[in-house]
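Working notes, beginning with the structure itself.
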Amino acid sequence: MATAEEIVDSLAGFSLFADLQSPQLQQVAHVFEERWYPEGERILRQGLTGSGFFVILDGEAAIVVDGEQRAAIGRGEFFGEVSILLGDPPVADVVALRPIRCLYLAGPGVADFLLANPNVMYRMLQAQARRLRSANRWRS
């Protein structure tokens with residue numbers, strides 16, 4: 001298990017948290033919990049209830065829709081937020097491609113966290129816009 005200082009150091013390098021100062025990063029380190037998943041484990045399951053918001057500290061995960069891998073995400077990237085924000089089940093499986101370590105925030109705490117950290121919410125919105133643009137390019 002990493003210390004809060006190690007987590008803060010990691011978060012400081014992630015674009016999602018780039019606008020936060022050290023005290024805010026320390027708060028994130030205390031609000032989120034660490035979770036580990038072995039290679040091959042499904043972290044989120046398509047069509048089932050979303051469980052929370054995840055930020056990858058180490059490792060890599062596949063985004064799998066209807067059995068087809070659509071993308072891979074790694075250190076500094078996040079997932080699970082769409083299900084939480086919309087109250088819908090995940091539209092994809094998220095599967096650990098190798099052992100993965102994440103920060104996790106349970107669904108009920110996500111709205112309060114984002115409202116208390118509008119810069120994180122804005123960066124999340126930017127990331128979603130990039131994902132949408134990329135998906136639209138992929139479809140054409």
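Heavy atoms of the protein chains alone define the surface here; on that basis the chain has 56 Å² accessible area per residue at 1.4 Å probe size.
In this simple spin-label model, placing a label point 7 Å from the Cα along the Cα-to-Cβ direction at both T3 and A71 gives a separation of 3.5 nm.
Take every Cα pair under 8 Å in the chain that's 6+ residues apart, average their separations, divide by the length, and report that relative contact order as a whole percent.
29 percent.
Distance from the alpha carbon centroid of segment 20-66 to that of segment 94-140 works out to 10 angstrom.
Only helices enter the 222 nm calculation for the chain: every DSSP H run of n ≥ 4 contributes -39,500 (n - 2.57), and dividing by all residues gives -12500 deg cm²/dmol, rounded to 500.
For segment 1-139, carbon and sulfur atoms together expose 52% of the accessible surface, with a 1.4 angstrom probe and every protein chain in place. Rounded to the nearest 20, the size of the Cβ-charge dipole of the chain about its Cα centre is 600 debye, with Lys and Arg at +1 and Asp and Glu at -1.
A dipole drawn for the chain from +1 and -1 charges on Cβ atoms has a positive end, and of A72, F14, L25 the residue lying farthest that way is A72.
The values are calculated or read from the model by the stated rules, or taken from the named source; none is laboratory data. None of the values given here were measured: they were computed from a predicted structure. Glycine also receives a Cβ, built like all others from the backbone with ideal geometry; neighbour counts cover every protein chain displayed. Heads up: the accessible areas ignore ligands, DNA and RNA and are worked out on the full protein's heavy atoms, side chains in. Shrake-Rupley method; radii C 1.70, N 1.55, O 1.52, S 1.80 Å.
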